[in-house]
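The values are calculated or read from the model by the stated rules, or taken from the named source; none is laboratory data. Note that this is a predicted model, so its numbers are computed, not measured. Because the Cβ atoms are built from the backbone with ideal geometry, glycine has one as well, and the counts that use them run over all protein chains shown.
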Amino acid sequence: MRTALALIANVLLSAAILAQPTPPLPNRPDSVKFAAIGDNGTGGRPQYDVAQQMVKARAVFPFDFVIMLGDNMYGGQTPADFVKKFEQPYAALLTAGVKFQASLGNHDQAENINYKLYNMNGQRYYSYARGNVRLFVLDSNQMDQKQLAWIDTSLRDAREDWKICYFHHPLYSNADRHGASVDLRVLLEPIFVKHGVNVVFSGHDHVYERIKPQKGIYYFVSGAAGQLRRGNMSPTAETAAYFDQDQSFMLVEIAGSELHFRSISRAGKTVDSGVIPRQPKTGATGLTEDSHAAEVRR
Amino acid sequence: MTPWRTAVPRLSRFAVEHLLLLPLGALIALVWVNTRPESYFTFAYAIAFAVNDVAMVFFFALIAKEVVEATAPNGVLHPWRRALLPVVASIGAATVPALIHIQVVDALDEPMLAEAWPVALAVDLAVTYFVARVIFRRHPIIPFLLLLGIASDALGILALAMVSPAIDVRVMAGALIFAAAIATAVGLRRARVKSFWPYLIAAGGLSWYAFFYSGLHPALALVPIMPFLPHAARDPGFFVDAPPEAKDTLSRFELWWKYPAQIALFFFGLVNAGVPFGALEAGTWGLPIAVIVGKPVGVLIGAGAAMLIGLHLPSRVTWRDLTIGGLIVAVGFSVGLFFTSALLPPGQLRSEMYMGVLLSLAAAPLAVVAAKIMGVGRLAPE
């Protein structure tokens, strides 16, 4: 009888764990927690599904901001579109006080920098800090000299432990549709390397891809929070992990000298995860992957 | 059947090499960037300033020289009243494609490309002249199209100065330096200086610095200086080589600088036309659609408006000729690439506009085919 009760209790406990929408990250109270979405603003069912997964994830992993990797809005960009493609899908997060910090993609209107809920304060490129992390947001649609000088100076002057950059066009990508924006890589990578950028997030290709560290920097492509190009990846030796079968978004936690990441599909499945230790100045890397990472390799 | 030797019009070496070297540079750039992108962009960025902002000064100076000579007796701009109709028509030829461009890129879901609308105003004068001669041989519409092209490019340059996001205008100081450049050129002209070097170094140098300092594109720095260089009493014709024995200052300038300008043009194509095919999205089609549809419509509307205010079409120029002419001036090529490089910094938008400029070259064969179908010019079926 006691064994049977223990078995039932065990089954119930397992079921409860399985029902949890997202396996938790370290979830430390004093850590910096955020989500990342790219190419999300379709207003379609998949965007709403991903948004729902984000709400579920936040119930166990209380991230307080979301980085938007561009193409935040497709098609019409009227006030009604902002409701349908942004305010409605993320209503629960917005109500809970989650801040969205946007970058612009090639489908966004330039005037969207003034949209209050994107928190861009009328700027194409800007930076902000959370705890020991400084995030730098760039406008990769137009990489003018002024912006290059700004990122060079801002990275140089940043005193936080972690330097994270994000923008729309990926410097490294192995998706077939677009691939890497080498024109931008030639301009930005030397600056990132010089100033010890730790991690870079981009969108544009409608897949998820984690790139092996390049010159000491970790790159993520996460451009499938609304759009999807199923089967569009052609992984190369640069590819550490990828997922191109469904929409996805990312959860990120920076706890001390470690960055934990988790990529989650529209169905709520973890498709990649791991831990990035903060790189020493030499640029050496020491990523440890969780078991989920193996699942996404073909 | 017209023998090919007579079917292909004679042009100056400058114009011919313009028509060959720029596409050659562009072709090499396209192959290079799509096979070894990192080395291409490292190279292109390293020499971009030297090519786009310095060497191209001489290309635009030589184009300006053609325009200055056209104001002399025998020239298409002489007397100036002849220019009125094409100038008025150019407003239509500029406005309609610009408006179409803004609408089309929005419909193609790349609204940020709208800010590059001045590229829709660009007209490549050498291509215009060449294609117009192929279709019309000798016809009053040819000077009409050249004038329209010059006016449209001038409007484009004005638009560039107004909307360029790269401009960090320091107007007053820049204007003062520019005034000093013009005063120097006037002084040299009054002192009857025959050598082009003082104009180039003193006036041109000041003008280049004024443009650069003001945030305007310095490649255009010699354009306002060229009218002060003494020129021949009569225009030898558009894109006609200056004879080696020519003594006037403008011709000496051309003889000295035509080869460096051609090399500049080759490198201009090489540096600017490197478009990775992966960067392209639907918005790329915005410019070709805008100019191929909008230029003929704009020319017709512009010419119609000019006639409403009492101006007259040149004799023997019909509405069908104007329609074909509108297609011919849809090719922006060298000027389109230049406007794009001046307006948009590196990134996807620039790549898409560059490719749009290259795709709008299709207007030239389209004009030839349309002329054949519509029975216009010498390509009309006998």
All but one of (1) touching a residue at least 40 places away in the same chain (Cβ under 8 Å); (2) within 14 Å of chain B (Cβ to nearest Cβ); (3) among the small types (G, A, S) hold for A:G131, so report the exception by its number.
-> (2)
Picked from segment A:190-199 (must be within 14 Å of A:F136 (Cβ to Cβ) and either within 14 Å of chain B (Cβ to nearest Cβ) or among the hydrophobic types (A, V, I, L, M, F, W, C) (or both)), the residue nearest to the chain's Cα centre (by Cα) is A:V199
Cβ-Cβ below 7 Å, separation at least six or inter-chain, first residue in segment B:270-282 and more than 10 Å from chain A (Cβ to nearest Cβ), second of a type in the set (F, W, Y) and in a helix (DSSP H, G or I): which pairs?
-> B:N272/B:Y354; B:A273/B:Y354
Pick out the one residue from A:L155, A:L117 that is touching a residue at least 12 places away in the same chain (Cβ under 8 Å) and either loosely packed, with under 15 Cβ neighbours inside 10 Å or over 30 Å from B:E38 (Cα atoms) (or both).
-> A:L117
Per-region count, segment A:207-237, residues closer than 22 Å to A:L251 by Cβ and part of a strand (DSSP E or B) = 13
Can you find even one residue in segment B:162-169 that is buried (at least 21 other Cβ atoms within 10 Å of the Cβ), under 20 Å from the mean Cα position of the chain (by Cα) and under 29 Å from B:A98 (Cα atoms)?
-> no
Just one of the numbered conditions (1) more than 12 Å from chain B (Cβ to nearest Cβ); (2) out of contact with any Gly (no Cβ under 7 Å at 6 or more places or on another chain); (3) part of a helix (DSSP H, G or I) is not true of A:Q123; which one?
-> (3)
In segment A:158-180, anything crowded, with 24+ Cβ neighbours inside 10 Å and in contact with a Ser or Thr (Cβ under 7 Å, 6 or more places away or on another chain) is listed as A:Y166, A:F167, A:H168, A:H169, A:P170, A:L171, A:A180
Of the numbered conditions (1) more than 11 Å from chain B (Cβ to nearest Cβ); (2) assigned to a loop (DSSP other than H, G, I, E, B), A:S140 satisfies every one except a single condition; which is it?
-> (1)
Quick check: anything in segment B:46-60 touching a Gly at 6+ places or on another chain (Cβ under 9 Å) and of a type outside the set (A, V, I, L, M)?
-> no
What pairs come up if the first residue lies in segment A:40-64 and is under 18 Å from A:T270 (Cβ atoms), the second is part of a helix (DSSP H, G or I), and their beta carbons are under 7 Å apart, counting only those six or more places apart or on different chains?
-> A:M54/A:L93; A:V55/A:A92; A:V55/A:L93; A:R58/A:L93
So which residues in segment B:343-359 are within 12 Å of chain A (Cβ to nearest Cβ) and assigned to a helix (DSSP H, G or I)?
-> B:L343, B:Q348, B:L349, B:R350, B:S351, B:E352, B:M353, B:Y354
Any chance segment B:93-109 includes a residue that's modelled with pLDDT under 90, over 30 Å from A:S103 (Cβ atoms), within 17 Å of the chain's Cα centre (by Cα) and not aromatic (F, W, Y)?
-> no
Every residue from segment A:238-259 that is of a type outside the set (A, V, I, L, M, F, W, C), surrounded by fewer than 23 Cβ atoms within 10 Å (Cβ to Cβ) and not in a loop (DSSP other than H, G, I, E, B) | A:T239, A:E253, A:E258
Looking at segment A:244-270, which of its residues are over 14 Å from A:L25 (Cα atoms) and of a type in the set (A, V, I, L, M, F, W, C)?
-> A:F249, A:A267
Of (1) in a loop (DSSP other than H, G, I, E, B); (2) buried (at least 22 other Cβ atoms within 10 Å of the Cβ); (3) out of contact with any helix residue (DSSP H, G or I) (no Cβ under 9 Å at 6 or more places or on another chain); (4) not charged (D, E, K, R), A:P62 satisfies every one except (2)
Select from segment B:296-342 the residues that are within 14 Å of another protein chain (Cβ to nearest Cβ) and closer than 19 Å to B:A94 by Cβ and list them in ascending order.
-> B:T340, B:A342
